[in-house]
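Have a look at the structure below, then the notes.
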Amino acid sequence: MAQMDAKQAEKISKALSDPTRLKILSEIQKKHDWLYCVDLYDNINLAQPSICHHLKQLTETSIILPEKEGRNIKYTMNNAVIDDYIGFLQGLKK
C-alpha cells in the first residue's frame, strides 16, 4: 500500500464532500464493476455538463478510473486509492 500524503488526502476529502459525487460513487459501487457515463444520466437528475464536472473531480483524485470504450466512457472504483485514503485517515487516530 502506497503512503498517501496530506495534499492528496485533502483533494479526496474535498471531492467526497459533495453529495452528488457520493451518489455517483454509490451508483458505480452498485454495478460491482463498470458504470457507463450514460447510466449516470438515467440515475442522477442533473444535466450532462454537471455530471461531467463531478466525474472530472472524482477522476482527478483517482478515486474512479475512466476507460474509453468506443464512443462511451465507463468508470470503475479505484479501490487501491480508497484503501490508501482510509489508511491515511486511520493514521490520524491516536
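Treat the chain as a sphere of radius equal to its Kirkwood radius over Cα pairs and apply Stokes-Einstein at 4 °C in a medium of 1.567 mPa s; give the translational diffusion coefficient in µm²/s, rounded to a whole number.
Reported coefficient: 94 µm²/s.
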Could you work out the relative contact order of the stretch 6-90? I mean the mean sequence separation of Cα pairs under 8 Å and 6+ apart, divided by the number of residues, in percent. 32
Theoretical gain in end-to-end length, GLN3 to SER26 [0.36 nm per residue, Cα-Cα removed]: 5.8 nm
Pseudo-spin-label distance HIS53 to GLU69, built 7 Å along Cα→Cβ, given in nm, is 2.8
So, in the stretch 6-90, how many Lys pairs have Cα atoms under 22 Å apart, if the pair is 8 or more places apart or on different chains? 17
Under the 0.36 nm per residue contour assumption, what length would be gained going from the current alpha-carbon distance of ASN79 and ASP18 to full extension? 20.0 nm
Against the longest alpha carbon principal axis of the chain, how many degrees, from 0 to 90 and to the nearest 10, is the axis of helix 48-60 turned? 30
Helical mean residue ellipticity (222 nm; -39500 (n - 2.57) per DSSP H run of 4+; nearest 500) of the chain: -18000 deg cm²/dmol
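A short reminder: the numbers here are calculations on the coordinates, not readings from a lab. Just so we're clear, the structure is a prediction, and the values are computed from it rather than from any experiment. When we count neighbours, we look across all protein chains shown, and the Cβ atoms used for this are built from the backbone with ideal geometry, even at glycine.
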